[in-house]
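Everything below concerns the one structure shown next.
Read the figures in this text as sums done on the coordinates, not as results from a lab. Please read these numbers as outputs of a predicted model, since none were measured by experiment. Cβ placement follows ideal geometry from the backbone for every residue including glycine, while neighbour counts extend to all protein chains displayed.
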Amino acid sequence: MPRLNAPNQRGLTLIEVVVVAAIVAILAALFLPNFLAWLNNRRVANGLARVQGAFQEAQRQAIRTGVNCVVNLTTGTNGSLTSSTNCLPTGNRSLGEDSGFLGNLQASLQLRSSVASITFDKNGFPTGLGGTFVIALPGSGAQQKCFVISNAVGLMRSGDYLSSDTTGANPSNCTTAQL
């Protein structure tokens, strides 16, 4: 039997590589804006979870220890929530921290508030007025999130901040999801 000396054709041609690269580039151009919008919305939601968690923790600590717990707010870019007492046993919160992936793409979250601090009494009720807190990612188009602590009773709710207002924190603009 004669042996065929056909050349061994392995690998990809230049045209095949260029076609695959073009397809990948087109798909990336289509999906990257949606991914970045999703990522920005997740950052805002993560910031809301930090704010909400800090206030709930302080409220629980006030009830547990039977003493007033004060949570102070630093508003603005990469705002923070701090307490000089043991009201936040897991530590102060800063919106500048990013524990998620792609941390180097982190844009600065903004915290706006209607009050400078919230004090919870031994029963977990706010001693003064409640507050409204808005978390936003300026310039990103991401949905603003809000968190409201009611006066006297201390009930807490969170939702979407439905306003083009980028400086204030009005509780009537905070809408919760309807089930």
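Dividing the convex hull volume of the alpha carbon atoms of segment 1-96 by its residue count gives 200 Å³ per residue. Placing one identical point scatterer on every Cα of the chain and ignoring solvent, what is log10 I(q)/I(0) from the Debye formula at q = 0.09 Å⁻¹? Calculated log10 I(q)/I(0) at the listed q: -0.43. Counting only alpha carbon atoms, the long axis of helix 14-65 and the longest principal axis of the chain meet at about 20°.
Computed from backbone phi with θ = phi - 60° and the Karplus coefficients 6.51, -1.76 and 1.60, the 3J(HN,Hα) list for segment 118-123 is 10, 10, 9, 7, 5, 9 Hz; x is used for glycine and proline.
For the listed peptides 160-172, 126-138, a ranking on the average number of other beta carbons within 10 Å per residue, highest first, reads 126-138, 160-172.
Modelled spin-label separation between residue 25 and residue 167, with each label point placed 7 Å from Cα along the Cα-to-Cβ direction: 4.5 nm.
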